[in-house]
């Protein structure tokens, strides 16, 4: 193949001379010549009619001027509001908002909010133009004083209308193409549009008692319902009549500039961009199965031995429960062993007489006769427990006395620690550090229980009983006390691992998955390299006859690499989403700092295909490499695809889409037949007979219990309409009709796109209508509950869209081409 720069290298001297002469001509007379000719884009678009309004054409340059004027007003207004915030003022955002400007409320110290600008679309510019025409029809006039008042009010009086001249210069970057008077007229028109919008919004944005009740009922009612489906498609064959040409044209004129809506079933004949695609598909699961078969037992054994400590240990639960059981009785004694403080000593005189054994057991211990006296003094002095520190006059015991405050401080942290402190205190009094080392006696947990009962008198005379009766028990007490807070690590159970056979499949999968993904990537890369080379050869060839890949056996290429070859026929985006390819997606996860967690991002094959602006036949990958994803699992289906053909969308003429119009007409007639059949079933279903006894197919009855109108709560006070189980495309009309139906009644209700008509019977509810009304009265405190007002706001947005659609209908708006934005 000849290099594309071959001709340039061969004739570079002559070409450079020609280019030099041309540049000289452009530099000298270029400015004069271009002043006589408008820009090419404007020249080409001068006679291009984008839309007609009541038969009057509106061209592309005219629409661009509408957008530019509105954008300048939104920019200057935003600058004025921003400057107001800078000087500590509080701007007043226009209500309703003007096109191209929205105000973001403050959401925290790091997000003070402020004016935000948006791009104004062609449809939005046309909508504002229609509101301006409607304002003129209604006689809405805007005086100069009203314009000045608007300029001042949005800034809270901080910026005067005269200061807007400075903002105008800032918005234009010093070019000064628009004068102050021209800007003033732009503001006048924007205010006129805003007043027309406000006038039309008055009747749809206020919640009435009736609408508030409907919202509250839908929000709080829970019902049981039975549904029997009647499919519209079953009646297409029964549509035998033929429509007249005028009927078809009437349907076409209504929907010729609309996009078909698969969610609502509304037809649309606007032709969208279409593409045809060829692809190579790798099935990840097939590659995974192949790699699993290659994993050897030796690899599994080696992985097990290397990672068993980190991945295959059995959870240690039993050793943790036994110390917890021992701690509980130990925690009971601190409540009684609080002679460390003065108040608990008051509780124990009654217990002392019941245990005179303590002095008797002191006989073997003759080393501390002086310590027995406090034992006899404490019974008499226990009532005034505060005297106990005073009776400890022995200078040898001053050190243990110093340890008592530390024991009290420790007792504040937890009652269970006081038992340990008693044992430590006894040790300090005896000054016997060596015998305390006999801690292997921890094997006698029963010894802890006996001191638990004998500690009461022992603690009342903490320095006397320890040498005598608790000589053997003191060691046990030290042993029990010392590990009291650390028994769990001391009693570690032997490490146990999950058997190899139990985790063998898991290990094989762990080893095989990265290998399978590497094999998939290698196979697709091999194919992509072949396709790219052939594409480059064709693109740079001198004689570009035929198409790329004509010399390739694509099916054989796919088989050689263990993947599949396929084709997607010419279709638009909506049709592609309804096809099996519309379900092909891949999930990636990235960190969302606002939510403080991971955010899932679903990538769809169809979005890649229609979003790509690449030339025909250039190979592309799905899913491609992501620069924002933190991690992602391998996609089940991975592709190399290329567009083989494409067709630009357009606003059709009747002859272009006559067959589509005919199919839409037939579907509408079939829907009427299905609705009539459902009405017949309802007529026969009156009475108490179960629904499955009056319908043609008993097994087709759907039973849905505990149904609510709103199923998912996104944020507190924000709701999402529910999906009824078994009902395909549950719509607002479906929910409205069912939730307005009393228990025991049977109605006919369609799904969202009227592809199915349901015979629906409400069979039960959790609260009656009277109970719900009483609940609403209780929750009302001079105003409607927030949830009710929020739902009314949602419905007002829907009604606002209907108002705008009605405006397009009344002004006979007809699109002549598809706007780019």
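A few notes on this one:
- Residue within region 590-600 that is closer than 30 Å to residue 262 by Cα and either touching a helix residue (DSSP H, G or I) at 6+ places or on another chain (Cβ under 6 Å) or not in a helix (DSSP H, G or I) (or both) present: yes
- Positions within region 786-821 being modelled with pLDDT of 80 or more and either in the same structural domain as residue 55 (by TED's automatic domain parsing) or assigned to a loop (DSSP other than H, G, I, E, B) (or both), in sequence order: 811, 812, 816, 817
- When residues of region 684-732 are limited to those that are in a helix (DSSP H, G or I) and touching a strand residue (DSSP E or B) at 6+ places or on another chain (Cβ under 9 Å), the one modelled with the highest pLDDT: 700
- Selected residue (criterion: farthest from residue 655 (Cα to Cα)) from residues of region 257-275 that are in contact with a strand residue (DSSP E or B) (Cβ under 6 Å, 6 or more places away or on another chain) and assigned to a loop (DSSP other than H, G, I, E, B): 272
- Answer residue from region 733-779, given it is part of a helix (DSSP H, G or I) and within 29 Å of residue 232 (Cβ to Cβ) and is nearest to the chain's Cα centre (by Cα) among those: 735
- Positions within region 493-530 being in contact with a strand residue (DSSP E or B) (Cβ under 7 Å, 6 or more places away or on another chain) and closer than 20 Å to residue 644 by Cβ, in sequence order: 524, 527, 528
- Entry remark, region 724-739: residues being closer than 23 Å to residue 690 by Cα and surrounded by 14 or more Cβ atoms within 10 Å (Cβ to Cβ) number 7 in total.
- Residue match in region 175-182 (condition: in contact (Cβ under 8 Å) with a residue 40 or more places away in the chain, farther than 25 Å from residue 606 by Cβ and not assigned by TED's automatic domain parsing to the domain that holds residue 660): yes
- Taken together, 645, 656, 636, 607 contain a single residue that is within 24 Å of the chain's Cα centre (by Cα) and at pLDDT 90 or above, which is 607.
- The listed residue being at pLDDT below 90 and within 35 Å of the chain's Cα centre (by Cα), out of 88, 114, 100: 114
- Among the residues listed as 646, 621, the single one being assigned to a strand (DSSP E or B) and closer than 30 Å to residue 288 by Cα: 621
- Flag if residue 191 is touching a helix residue (DSSP H, G or I) at 6+ places or on another chain (Cβ under 8 Å) and not in a helix (DSSP H, G or I): no
- Failed criterion for residue 772 (all others in (1) touching a helix residue (DSSP H, G or I) at 6+ places or on another chain (Cβ under 7 Å); (2) assigned by TED's automatic domain parsing to the domain that holds residue 667; (3) crowded, with 17+ Cβ neighbours inside 10 Å; (4) more than 24 Å from residue 262 (Cβ to Cβ) hold): (2)
- Condition broken by residue 743, with the remaining ones in (1) out of contact with any helix residue (DSSP H, G or I) (no Cβ under 9 Å at 6 or more places or on another chain); (2) more than 30 Å from residue 701 (Cβ to Cβ); (3) in contact (Cβ under 8 Å) with a residue 60 or more places away in the chain satisfied: (2)
- Qualifying positions in region 519-551 - loosely packed, with under 13 Cβ neighbours inside 10 Å and either outside any helix (DSSP H, G or I) or not assigned by TED's automatic domain parsing to the domain that holds residue 641 (or both): 542, 543, 544, 545, 546, 547, 550, 551
- Within region 775-796, the set of residues being loosely packed, with under 12 Cβ neighbours inside 10 Å and without any contact (Cβ under 8 Å) to a residue 60 or more places away in the chain comprises 777, 778, 781, 782, 783.
- Per-region count, region 579-589, residues touching a strand residue (DSSP E or B) at 6+ places or on another chain (Cβ under 9 Å) and either surrounded by fewer than 16 Cβ atoms within 10 Å (Cβ to Cβ) or in a loop (DSSP other than H, G, I, E, B) (or both): 4
The values are calculated or read from the model by the stated rules, or taken from the named source; none is laboratory data. Just so it is clear, the structure is predicted and the values come from calculations on it, not from any experiment. Cβ atoms come from the backbone with ideal geometry, glycine included; neighbour counts cover every protein chain shown.
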